[in-house]
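The values are calculated or read from the model by the stated rules, or taken from the named source; none is laboratory data. A quick note: this is a predicted structure, and the numbers were derived from the prediction, not measured. Cβ placement follows ideal geometry from the backbone for every residue including glycine, while neighbour counts extend to all protein chains displayed.
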Amino acid sequence: MERTNDQSLYPNVSLLSLNLFLRPPVIKTNISDYKSARARYFLDNIISKYEIVCLQEVFTSFSSRRKKIKKEAYRKGFKDFAESPNPGWFGRHLTDGGLLILSKYPIVQKDFFGFSRSKMPDTLSLKGVLYAKLQINDKFVHLFTAHLQSSYPTSDYHKFLKYREIRRSQIKEMREFMDRKIESSNELVILVGDFNVNGREEIKPPKFKDQECQDDYSCFINEISKGGKEEILDVLRMKFGYTPATYGRVDRNGNAIETVLSEKDETMSDEGLDHIFFCNIEKSIENDYKVHINMERTLVEPFYTPNQPFTQISDHAAVQTSFTWLKNNMS
């Protein structure tokens, strides 16, 4: 854990959020999802670069991959974890929500909230939001990660709108859950995940022009910030000035970058679905120490995988950042 400098009491904390695309066995998109090989590559080459790792789509049903990830992560210094619970045998869900938080710092509290609504095939998993309260020296961080309702390709306006309506109901429930966990705390809050909210619609508007369809990202920000009353910082937009693509990415010539794991009709969708938000930055100032975000380490990271049958670690690119606390006059 890298120190910022001799004057700082706090380390630089590197944070990764990644939809690792480890669906249950049998399910695959093209020839193969290479699930076991990608999980192994992730553990051997990626995970050790970070102190906090938030994963989506790491499902437990009919697979031991999540168990192996937790075991290997522990060996690499991730002594604590939080995960979405198994839904049990008698509910309407066949698998858990696929969420996993791995931390080299103590987790002093953890919880999960399952969303009340979803639409097939998402209904097969218990989608929700996972919470972990981390202790970093004498500071506490409220960390939330989620995987919201997907929008599947459709030419049907009503289906398209239904995906958005359900996602927005999930966002509302997520904000309410966050409030219950944070209460009146002024401590730092971080929200990360694959929200399936495309932050690039101002660049590439959705196919349907009805006002009800516009604009998913603005609706997300409005709900999470309580209509602008609460401070929320999109660190990727702060870095780039726009939302960079994390799914269906294209190169400078307009060609698809990832084609092994992605659906053929989504390889060039060019969407920014994965996000990192910081909340309570100003409120969390204590004893003249303020949260400082390292913009040089705030990136979209595809994790290319040379000499493998897959070209990158997942169908999604990861998002990452690094933060610490600095004296106000140092930041």
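Would you please name the residue that is nearest to the chain's Cα centre (by Cα), looking only at residues in region 170-221 that are within 23 Å of Y247 (Cβ to Cβ) and free of Cβ contacts under 8 Å to residues at least 12 places away in the same chain? The extreme case among them is S218. Just one of (1) farther than 19 Å from V58 by Cβ; (2) surrounded by 15 or more Cβ atoms within 10 Å (Cβ to Cβ) fails for T154. It is (2). Of all residues in region 75-116, which are closer than 12 Å to K127 by Cβ, crowded, with 18+ Cβ neighbours inside 10 Å and touching a helix residue (DSSP H, G or I) at 6+ places or on another chain (Cβ under 7 Å)? Answer for region 75-116, where residues must be closer than 12 Å to K127 by Cβ, crowded, with 18+ Cβ neighbours inside 10 Å and touching a helix residue (DSSP H, G or I) at 6+ places or on another chain (Cβ under 7 Å): H93, T95, F113, F115. Kindly check whether there is at least one residue in region 224-244 that is under 26 Å from S116 (Cβ atoms), among the hydroxyl-bearing types (S, T, Y) and in contact (Cβ under 8 Å) with a residue 40 or more places away in the chain. Scanning region 224-244 turns up no residue that is under 26 Å from S116 (Cβ atoms), among the hydroxyl-bearing types (S, T, Y) and in contact (Cβ under 8 Å) with a residue 40 or more places away in the chain.
Residues of region 293-321 that are over 23 Å from K204 (Cα atoms), in contact (Cβ under 8 Å) with a residue 40 or more places away in the chain and of a type outside the set (S, T, N, Q): I293, M295, R297, F303, P309, F310, I313.
Among the residues of region 117-141, just one is surrounded by fewer than 19 Cβ atoms within 10 Å (Cβ to Cβ) and under 13 Å from I52 (Cβ atoms), namely Q135. The residues in region 269-289 that are free of Cβ contacts under 8 Å to residues at least 60 places away in the same chain and surrounded by 17 or more Cβ atoms within 10 Å (Cβ to Cβ) can be counted, and the count is 1. Taking region 111-124 as the range and being assigned to a strand (DSSP E or B) and over 17 Å from the mean Cα position of the chain (by Cα) as the test, no residue passes. The set of residues in region 220-273 that are among the polar types (S, T, N, Q) and farther than 20 Å from K207 by Cα comprises N222, S225, N253, N255, T259, S262.
Being closer than 30 Å to K133 by Cβ, touching a Ser or Thr at 6+ places or on another chain (Cβ under 9 Å) and buried (at least 18 other Cβ atoms within 10 Å of the Cβ), is that true of even one residue in region 209-226? Yes, region 209-226 contains at least one residue that is closer than 30 Å to K133 by Cβ, touching a Ser or Thr at 6+ places or on another chain (Cβ under 9 Å) and buried (at least 18 other Cβ atoms within 10 Å of the Cβ). Within the option set P153, P85, being closer than 19 Å to Q170 by Cβ and either of a type in the set (S, T, N, Q) or at pLDDT below 95 (or both) holds for one residue only, P85. For region 40-74, a residue qualifies if it is of a type in the set (G, A, S), surrounded by 14 or more Cβ atoms within 10 Å (Cβ to Cβ) and in a loop (DSSP other than H, G, I, E, B), and the qualifying residues are S61, S63. When F144, F160 are checked against the criterion of being part of a helix (DSSP H, G or I) and surrounded by 17 or more Cβ atoms within 10 Å (Cβ to Cβ), F160 stands alone in meeting it.
For region 100-117, the condition of being touching a strand residue (DSSP E or B) at 6+ places or on another chain (Cβ under 9 Å), hydroxyl-bearing (S, T, Y) and under 23 Å from G272 (Cβ atoms) holds for none of the residues.
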